[in-house]
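All remarks here apply to the structure that follows.
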Amino acid sequence: MFVEFSSVLRATMLGVQLGMTLALVAAGLTLIFGMLDVINFAHGSLYMMGAYLGVTVSAQFGSFWLALLIAPLAVGVIGAVIEVFGLRALYGRNPLYHILLTFGLAVMIQGLVVEIWGGQSLRIEAPASLAGTVQIGPVEYPVYWLFVLAVSTLLIAAVWLMIDRSDLGILMRASAHDTEMVDALGIDVSKVFTGVFVFGAVLAGVAGVLLGASRSVNPGMGFGVIIETFVIVVIGGLGSFKGAVYAALAVGLVTAYGALIAPSVTDIFLFTMMAVVLMIRPNGLFGATEAA
Amino acid sequence: MSLLDAFDPRETGSSTDGILSNRGRFGILALIAALAVLGPVASAVRPFWLYLLIQILVFALLALSLDFVFGYAGLLSFGHAAMFGTGGYAAALLITHVTANALVVLPAAVLTGVVVAAFIGWFSVRARGIYFAMLTLAFAQIFYVIAFADLPSTLLGVETVTGGDNGIVGLATLETFGLLDLSDRMNYYFLTLGLVALSLLSIVRLANSPFGRVLQGVRENEDRMAFIGYDVRRYKVIGFAISGGFAGLAGGLYVPFQSLAQPQLLNWTLSGELVVMLLLGGLGTLWGPMLGAGVVVLLEEQLSGFAAWEVILGSVFVVVVIFAPRGIAGALVSLWEDPEDAIGNVRDALANYREKVMK
């Protein structure tokens, strides 16, 4: 099969862009798992809420930029409500029950979205300043997609620095590693938990607004993205931010190349990749070993 | 709490007592007898109820099959839709191309479930806990995409095999050498009830057999079982394959009843719903998950008329998980054993919730 060089290049750029945006969603999921042991099925719904709130805010005020600012913060508030009134009641109990709780929440949010925005497909209006395309080598590439790539990459880099270098990042990693010890040292772990959950929710909200202007916004997108991000965090190793970023890039690229070769069965490549990784490294690429 | 402890069902209050005791056995028989009477009565009052009952029985069987690996062996399968769906597709393909004879179709569905589960299980038992769950999910989704994109037709160079997005439609119902007219819904109900009862009895027997005890041992302490000398992985694969057979049977019963096999039967949302049925009903109790299946099917059917029914369904999950930690089965048992105590429990749960949220 002959594939033109320019379409490979285009797919590569698309894959990196998709990967970095998915990394925004996956980052929250993996951080939440690492610290709270929560398998958050509602995380895709937070991403979806970001997109829908983005639709409303941008339509109301006619400004994409305002949507990019307000919608993620609003999603953060939703995240806080979920953590405080839902998850908090379950800490210390078998983490299995988080599946039931967050699955229930995901179903609820999907129902609410249909109720409020209807079942049809919507779209966020991308700003006029980012319209059009640019010529990169042989590829004509939309400016908006470059913008998405830039914003996602910058955010991921910032989060990486924060986790790796800042005091807050150290606190987060410490709480994930040994909650009891951090608690004993006089730090209010439950505040850290809420903070991390809200932080993850905001990142997912940003991804929702960014992709809401290039993909369609529909009630199925929450359940759709959650599988993609599960694949990412599992390949990367649950709880590992670094792993999630690498895996997101891999998933983005595989999706983009897959669409080039065999669009209808791209998912098979994804799941095969995950199965192969787990077969070789049963705890993902950067996951904690069983002894830890 | 580590990742691996996370799947320790001891905390969920599952136990093998109860249903295996004499009282439990009488309970099962009484329930089957009650259902045998309920069918005709429900059908007489409103024919639609019989349809619902069959639906409930099929999903109860599916929930039962998952409870056998999840509740007893501690293997959280997030891909049970794979066995259900492939069993269903096997039935659909046989009915369209070969025969609608139940004595061929149903065993074939069981066999398909066993083979698919053995395949998925063999790969997946290499990982543990949530990683095992994700592997089963991955394989199940691969089957979903295969059916959705109708990959077999591309490979075989024929027009259609799985029917892609639309699925295989307009299937004839099962037949039994003309002995039992299965187009009569009442007969289909009794066939399903009989098979579900048989499955339940065999799973109870299996759970209580030396094999079942080993699986339980694996759930309680996998490393210790391995040190004693059990080939833990092999036990897991066999347990998973057995469970897959029952899931395949459920698929084989469901598809001719709906006269439709579609990719949704293989999708992860079904697997997810199934896990919800188990947790909602009460993990590892066998009857709890069947009850959970009934509740979920009823809620979905009854609520789907309302606006925002998903909101109500989701809220039920949320409320049960926060206030009834051991599922509906746990709540019923405590209500049965000591009603006053159960009311006290509710009060405790509320106080507990307030304290945790306010913290």
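The values are calculated or read from the model by the stated rules, or taken from the named source; none is laboratory data. Remember, it's a predicted structure, so these values are computed and weren't measured experimentally. Please note: Cβ atoms are built from the backbone with ideal geometry, for glycine as well, and neighbour counts cover all protein chains shown. All accessible areas refer to the heavy atoms of the entire protein, side chains included, with ligands and DNA or RNA removed. Shrake-Rupley method; radii C 1.70, N 1.55, O 1.52, S 1.80 Å.
Below are the figures for this structure:
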item	result
Matching residues, segment A:106-120, being open to solvent by 40 Å² or more (accessible area, probe 1.4 Å) and either under 19 Å from A:GLY62 (Cα atoms) or without any contact (Cβ under 8 Å) to a residue 40 or more places away in the chain (or both)	A:MET108, A:LEU112, A:GLU115, A:TRP117
Boolean, B:LEU313 is at pLDDT 80 or above, of a type outside the set (D, E, K, R) and open to solvent by 60 Å² or more (accessible area, probe 1.4 Å)	no
A:PRO95 over 24 Å from A:VAL217 (Cβ atoms) and open to solvent by 40 Å² or more (accessible area, probe 1.4 Å)	no
Search result, residues across segment B:235-248 that are open to solvent by less than 30 Å² (accessible area, probe 1.4 Å) and either over 11 Å from the mean Cα position of the chain (by Cα) or free of Cβ contacts under 8 Å to residues at least 40 places away in the same chain (or both)	B:LYS236, B:VAL237, B:GLY239, B:PHE240, B:ALA241, B:GLY245
Qualifying positions in segment A:57-90 - aromatic (Phe, Trp, Tyr), over 16 Å from A:VAL192 (Cα atoms) and surrounded by fewer than 21 Cβ atoms within 10 Å (Cβ to Cβ)	A:PHE61, A:TRP65
Evaluation of B:VAL319 against (1) within 12 Å of chain A (Cβ to nearest Cβ); (2) open to solvent by less than 20 Å² (accessible area, probe 1.4 Å) (one fails), failing number	(2)
Among residues of segment A:37-56, those that are open to solvent by 10 Å² or more (accessible area, probe 1.4 Å) and assigned to a helix (DSSP H, G or I), counted	4
B:VAL295, sole failed condition from (1) buried (at least 24 other Cβ atoms within 10 Å of the Cβ); (2) part of a helix (DSSP H, G or I)	(1)
Top-ranked residue in segment B:332-359 [being touching a residue at least 24 places away in the same chain (Cβ under 8 Å) and open to solvent by less than 60 Å² (accessible area, probe 1.4 Å); ranked as farthest from A:LEU101 (Cα to Cα)]	B:VAL333
Hey, A:THR133 surrounded by 15 or more Cβ atoms within 10 Å (Cβ to Cβ), within 16 Å of A:GLN17 (Cβ to Cβ) and touching a helix residue (DSSP H, G or I) at 6+ places or on another chain (Cβ under 8 Å) or not	no
Conditions (1) at pLDDT below 85; (2) small (Gly, Ala, Ser); (3) over 20 Å from the mean Cα position of the chain (by Cα): number failed by B:ALA36	(1)
Per-region count, segment A:252-292, residues in a helix (DSSP H, G or I), open to solvent by 70 Å² or more (accessible area, probe 1.4 Å) and touching a residue at least 40 places away in the same chain (Cβ under 8 Å)	2
Matching helices (runs of 4 or more DSSP H) fully within segment A:86-183 where at least 1 residues are within 14 Å of chain B (Cβ to nearest Cβ) and more than 21 Å from A:VAL202 (Cβ to Cβ)	A:96-117, A:167-177
Helices (runs of 4 or more DSSP H) wholly inside segment B:77-171 containing at least 3 residues that are modelled with pLDDT of 95 or more and open to solvent by less than 50 Å² (accessible area, probe 1.4 Å)	B:80-97, B:102-124
Residues satisfying the stated conditions in segment A:127-146, i.e. hydrophobic (A, V, I, L, M, F, W, C) and touching a Pro at 6+ places or on another chain (Cβ under 9 Å)	A:LEU130, A:ALA131, A:VAL134
Members of segment A:240-292 found to be within 12 Å of another protein chain (Cβ to nearest Cβ) and hydroxyl-bearing (Ser, Thr, Tyr), listed by number	A:SER264, A:THR266, A:THR272, A:THR289
Qualifying residue in segment A:243-251 (condition: farther than 28 Å from A:TYR144 by Cβ and either more than 17 Å from the chain's Cα centre (by Cα) or not in a helix (DSSP H, G or I) (or both))	no
Selected residue (criterion: farthest from the chain's Cα centre (by Cα)) from residues of segment A:173-187 that are aliphatic (A, V, I, L, M) and open to solvent by less than 90 Å² (accessible area, probe 1.4 Å)	A:ALA184
Cβ pairs under 9 Å, 6+ apart, first in segment B:128-148 and on the phi > 0 side of the Ramachandran plot, second open to solvent by 10 Å² or more (accessible area, probe 1.4 Å) and among the hydrophobic types (A, V, I, L, M, F, W, C)	B:GLY129/B:LEU3; B:GLY129/B:LEU4; B:GLY129/B:PHE7
Test: residue in segment A:25-36 that is open to solvent by 40 Å² or more (accessible area, probe 1.4 Å) and over 11 Å from the mean Cα position of the chain (by Cα)	no
Condition check for B:TYR188: over 23 Å from the mean Cα position of the chain (by Cα) and modelled with pLDDT of 90 or more	no
Residue list for segment B:265-279, restricted to those being of a type outside the set (Ser, Thr, Tyr) and out of contact with any Leu (no Cβ under 7 Å at 6 or more places or on another chain)	B:LEU265, B:LEU266, B:ASN267, B:LEU270, B:GLY272, B:GLU273, B:VAL275, B:MET277
